[in-house]
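Written out below as structure tokens is the structure these notes cover.
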Amino acid sequence: MTEIVSTQALKLGMFIAELDRPWLDTPFLVQGFLLEDEEQLATLRKLCRFVTIDRARSLGDEYQAGVAQHFVPEKRQPIPRTPVIYYQSQRKLSLPSLEVDGDREVAGRKFTSVRYVDDIRVEEELPAARISYQSAQNLLKDLDEQVAVGNMPDIEHVDRTVAGLVECVVRNPDALIWLTKLKRTDNQIYDHSLTVSIHLMAFGRNLGLPPDDLHPLGMGGLLKDIGIMRLPPELLHKPAGLTPEEREHMRTHVDHGTAMLAEEADLPEEVRDIVAKHHERIDGSGYPRRLTGNQIGLYAEMAGIVDSYCAMLSPRPFRPARLNQWVIEEINAMRSNRFTAAVVDEFVQFVGLYPIGTLVELNSGEVGVVVEQNRVRRLKPRIMLLLGPDKTRNSSPGILNLLTDPLVREGVPYRILRDLPPGSFGLDPKEFYL
């Protein structure tokens, strides 16, 4: 039983089913939620004029029986809320202060490490992250169109776009990583390039690289496969695995990309290295030049491991998506042969057991999706609860922060039992949070 009401007439206990704007233009993590406090009410009134409410999923005086009945989550300790900050695209966004953490050396590269402070929640960062993410998607489409007519890529456009992504990564990388799970296009190449770029910058942040060093990582991630745009579409979108001859043809994208960027005098050398060397491996088994060891360099090696991870994790027409644990085991098996041991160790620590977007089952029987990492205690992320203990869908998914040690029952804290394959229990992410 739904009805459209003015946001000025909203009351606590109403279930918000639809907005008068896209969900991804708001800081709400889920599509459909129970209006529980004055902060949410003020947010809705600020953003919307009208919303659709569902009386059959509302509570208390706002409930009216309908065809659909709702599942009421069990009572649990309240989770503290952080005030939501709204960012405007025309406003210069400030970066948090950083602390120098000392000198480090990883895979032969020395740098002054910085310590990032995680004081902004993913909900707070989402409005700005959505703007930067959409800008990057538009950029990739523009690059494709430029290359298709024989023009050189607009490097200044890439530079501006990456600057916005870097700011988001510095404040909270999980917001952009969350969007890589949601805002997919029908172009697998665009999606992969942006996913790699975001994960590569987030990996650099986890290493302690300063913000200025995250910038070439982001540019390299976006541009590393630009040469693919010169290959035949039928090769790029083949629904089955490639033949050996087709695979060799696909490998020429590295040379195409390197040649396209050769005349860009202002392009950072680290970006050129990523484009030219992201398929090289320290044991000489990579391509196109079969480089070894320190001939590759830290940034290119980081790009190679992130590229491999994202590719294995993504579904393909000829195979389903793979579980994170399987992918991490594959990456770990490349330690000291395909990739430097230190880079693999740092990457495994960065990804953790439960990356953003992982479906997990809890010891309560509930099923949720990881929406934010805890970079100090990786086994205690923030989780959006999608299914109740009896696997009934929650009409208003709440957020559970395992770091606060909430209790399933007296003396028994929540913990994750296992991660689940994508699509478990018929869960479609877009159904919940688009």
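A short reminder: the numbers here are calculations on the coordinates, not readings from a lab. Computed from a predicted model, the values in this text were never measured in an experiment. Ideal geometry is used to build each Cβ from the backbone, glycine not excepted, and the neighbour counts take in all protein chains shown.
Below are the figures for this structure:
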read-out: Histogram of C-alpha separations across the stretch 2-62, 10 Å bin width, %; value: 25, 64, 12
read-out: Neighbour count of at most 13 Cβ within 10 Å plus DSSP loop: longest GluC sites (Glu not before Pro)-free window in the chain; value: 75-262
read-out: Set of aspartates and glutamates with alpha-carbon distance to residue 46 below 13 Å, sequence-local pairs under 8 removed; value: 20, 25, 38
read-out: For the stretch 100-351: rounded, prolate or oblate by the Cα gyration tensor [a/c cutoff 1.5]; value: rounded
read-out: Quotient of C-alpha Rg and 2.2 N^0.38 Å, computed over the stretch 359-433; value: 1.04
read-out: Largest-first ellipsoid semi-axes for the chain, taking √(5λ) over the Cα gyration tensor eigenvalues, angstrom; value: 40, 24, 22
read-out: Proxy reagent accessibility, fewest Cβ within 10 Å first, across 310, 48, 168; value: 48, 310, 168
read-out: Full-extension gain in nm, residue 141 to residue 46, via 0.36 nm per residue minus C-alpha separation; value: 31.0 nm
read-out: DSSP bridge pairs, the chain: antiparallel proportion in percent, nearest 5; value: 95 percent
read-out: Counted charge near residue 380, where neighbours are those whose Cβ lies closer than 12 Å (Asp, Glu -1; Lys, Arg +1); value: +3
read-out: Likely footprinting exposure, 290, 281, fewest C-beta neighbours within 10 Å first; value: 290, 281
read-out: Whole-Å distance, taken between Cα centres, linking the stretch 364-402 and the stretch 205-274; value: 36 Å
read-out: Label-point separation in nm, residue 212 to residue 8, each point 7 Å along Cα→Cβ; value: 5.3 nm
read-out: Prolate/oblate/rounded call for the stretch 102-189, Cα gyration tensor, a/c under 1.5 rounded; value: oblate
read-out: For the stretch 152-192, convex hull of alpha carbons as volume per residue, Å³; value: 76 Å³
read-out: Theoretical ellipticity at 222 nm over the chain - DSSP helices of four or more residues, -39500 (n - 2.57) apiece, nearest 500; value: -12000 deg cm²/dmol
read-out: Relative compactness, the stretch 300-415, computed as alpha-carbon Rg over 2.2 N^0.38 Å; value: 1.23
read-out: Normalised contact order of the stretch 228-341, rounded percent, pairs of Cα under 8 Å and 6 or more residues apart; value: 21 percent
